[in-house]
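The values are calculated or read from the model by the stated rules, or taken from the named source; none is laboratory data. All values reported here derive from a predicted model rather than from experimental measurement. Heads up, the Cβs are rebuilt from the backbone with ideal geometry, glycines too, and the neighbour counts pull from every protein chain shown. We work out accessible area using only protein heavy atoms, side chains counted, and drop any ligands, DNA or RNA first. Shrake-Rupley method; radii C 1.70, N 1.55, O 1.52, S 1.80 Å.
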Amino acid sequence: MGEPDASTAPKIVAAATSALESGRTHYAPASGLAELRDAIATRTTEQTGRSTAASEVTLTHGASAALAALVIALVRPGDRVVVPEPTYSLYADHLAMADADVVWVPSAADGSTDLTRLANAVPGARMVILCNPSNPTGLVMDAHAMREVERIIAAHPETLLVCDEAYSEIVFDGLQFVSALSLTSIREQTIQVGTFSKTFAMTGWRLGYVIAPAGLAKKIDLIHRTVNGALCTFVQDAALQALATPQAELDAMRVEYQSRRDLVIAALSGLDRVTVSSPQGAFYAFPRIDSSLSSADLVEEFARGGVLVRAGSEYGTSGEGHVRISFAADGETLRTGLARFERVVAALPR
């Protein structure tokens, strides 16, 4: 599963419990609590250097609803939308709802975003959707790549850049994450999608958000509140507590995920029929398996061997031959799964 194995921190749970016990059980404002939008705007300003106002923040029922709302609000039937892949599979579903003309951009040989292909695909596009850090590969676009993205988008003022940064707090090896919001020359074209799910282990709470120029944010908010209604009041109270989490606790989480990453990559790198790049962020590995089987068939073989993975082809044609492994699990579970994984690989047809 693509979720942290840890439970939500007790202080966050206590904030929700206190809210419920104090009668915070009625409708919140349709666009969310003003104090939470203020807090997210302040945190965004601090993290990205982009001066952000509450009017640019849209609160949503998880990042999934954020993505759906912004696509429905901003994409018309027949609009071209460029999506580098392999990438999060839900984008395809949202774009299908909008009847968009999707242009898939295959990855470079190393699995990273092919910036030349991206530049060639953008002219005339309504939107580009990036997932950074990447689900499923765990690759992170460095400062050079992000500046190149900025150059590409700046040359096409009619094109919007949507950057799904759900895993922005989970990056490894001292890498400095570069948010799309820090690309100042395309401020009026840039939209960030964020969530409380990964950083704060709040997947079941269903709380995400969008940061966008105020005019676009108003359109996204209108769609979201029309389709979904108001968010839970006590969940927003809990989110305010989550934003007060000491940085040391977030750093400890990152260190733990990195140790799990190291465990997984050490095991996979020792298999002669497996090729894998070391993830720089998120909590996924995306190994390629040397076999005549398709990704979907590989998933079945691994399941019969007692380990569950996702088919690489779910994430785009560049993912065929790969499977996605989640290392958002404890070390003992990972070691057991990796041992089973190795046994299955050894028995696969070539």
Item to check | Backbone HN-Hα couplings from phi across region 56-70 [Karplus 6.51/-1.76/1.60, Hz, Gly and Pro as x] | outcome: 9, 9, 10, 8, 9, 6, x, 5, 4, 5, 4, 5, 4, 5, 6
Checklist outcome for this item: Protection proxy (average C-beta count within 10 Å per residue), highest first, orders 336-346, 48-58 as 48-58, 336-346
Checklist entry - Rounded, prolate or oblate: which fits region 162-277, taking a ≥ b ≥ c as square roots of the Cα gyration tensor eigenvalues, rounded meaning a/c under 1.5, else prolate when a/b beats b/c? => result prolate
Checklist entry - Which of Ala244, Thr226, Ser185 sits closest to the plus end of the dipole of region 183-290, meaning its Cα is farthest towards the positive end, when Lys and Arg get +1 and Asp and Glu get -1 on the C-beta? => result Thr226
Next on the checklist: Quick check on region 15-148: take the gyration tensor over C-alpha atoms, sort the square-rooted eigenvalues as a ≥ b ≥ c, and tell me if it's rounded (a/c under 1.5), prolate or oblate.
Outcome noted: prolate
Checklist entry - If you place +1 on the Cβ of every Lys and Arg, -1 on the Cβ of every Asp and Glu, and leave all else neutral, what size is the dipole of the chain about its Cα centre, to the nearest 20 Debye? => result 320 debye
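Leaving out ligands, DNA and RNA, what percent of the accessible area of the chain is carbon and sulfur, probe 1.4 Å? Let's see the in-between values first.
Values: 7780 of 14860 Å².
The value for the chain is 52 percent carbon and sulfur by accessible area.
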Item to check | Rounded accessible area of Asp142 (nearest 10 Å², 1.4 Å probe) | outcome: 80 Å²
Item to check | Considering only the chain, percent of DSSP beta bridges that pair antiparallel, nearest 5 | outcome: 50 percent
Item to check | Under-5 Å amide H pairs with Ser112, H placed in peptide plane, nonlocal only | outcome: none
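Of Glu85, Glu301, which has the most accessible area with a 1.4 Å probe, and how do the rest follow in descending order? Mind dumping the intermediate values first?
Values: Glu85 5, Glu301 65 Å².
Most to least solvent-accessible, the answer reads Glu301, Glu85.
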Checklist outcome for this item: Calc'd 3J(HN,Hα), region 91-99, phi into Karplus 6.51 cos²θ - 1.76 cosθ + 1.60 (θ = phi - 60°), Hz, glycine/Pro = x, comes to 4, 4, 5, 5, 5, 5, 4, 8, 6
Checklist outcome for this item: Taking a straight Cα-to-Cα line shorter than 17 Å from Lys11, and setting aside same-chain aspartates and glutamates fewer than 8 residues away, one finds Glu21, Asp237, Glu249
Item to check | Accessible surface, region 198-328, averaged per residue in Å² (probe 1.4 Å) | outcome: 41 Å²
Checklist entry - Using modelled backbone amide H atoms (1.01 Å from N, in-plane), which distant-in-sequence or interchain residues come within less than 5 Å of Val82's amide H? => result Val103, Met127, Val128, Ile129
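Show Val178, Val227 ordered by accessible area, largest first, where the area counts protein heavy atoms only and the probe is 1.4 Å. Don't skip to the end; give the middle numbers.
Details: Val178 20, Val227 105 Å².
Output order, biggest surface exposure first: Val227, Val178.
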Checklist entry - Karplus couplings for region 147-162 from phi (6.51 cos²θ - 1.76 cosθ + 1.60, θ = phi - 60°), rounded to Hz, Gly and Pro as x? => result 5, 5, 4, 4, 4, 5, 5, 4, 6, 9, x, 7, 9, 9, 10, 9
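When a/c is below 1.5 the answer is rounded, else prolate if a/b is larger than b/c, else oblate, so apply that to the chain with a ≥ b ≥ c taken from the square roots of the Cα gyration tensor eigenvalues.
Values: a/c = 1.80, a/b = 1.25, b/c = 1.44.
Oblate is the answer for the chain, as a/c is 1.5 or above yet b/c matches or exceeds a/b.
Can you give the relative contact order of region 89-222 as a percent, counting alpha carbon pairs under 8 Å and 6+ residues apart? Working shown, then result.
Values: 171 pairs, mean separation 23.7, N = 134.
Relative CO of region 89-222 lands at 18 percent.
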Checklist outcome for this item: P(r) over all Cα-Cα pairs of region 96-203, 5 Å bins from 0 to the longest distance, whole percent per bin, short to long, reads 2, 11, 21, 25, 20, 13, 6, 1, 0
Checklist entry - When the scattering of region 215-350 is computed by the Debye formula from its Cα atoms alone, each counted once and equally, what is log10 I(q)/I(0) at q = 0.09, 0.14, 0.18, 0.19 Å⁻¹? => result -0.42, -0.77, -0.94, -1.00
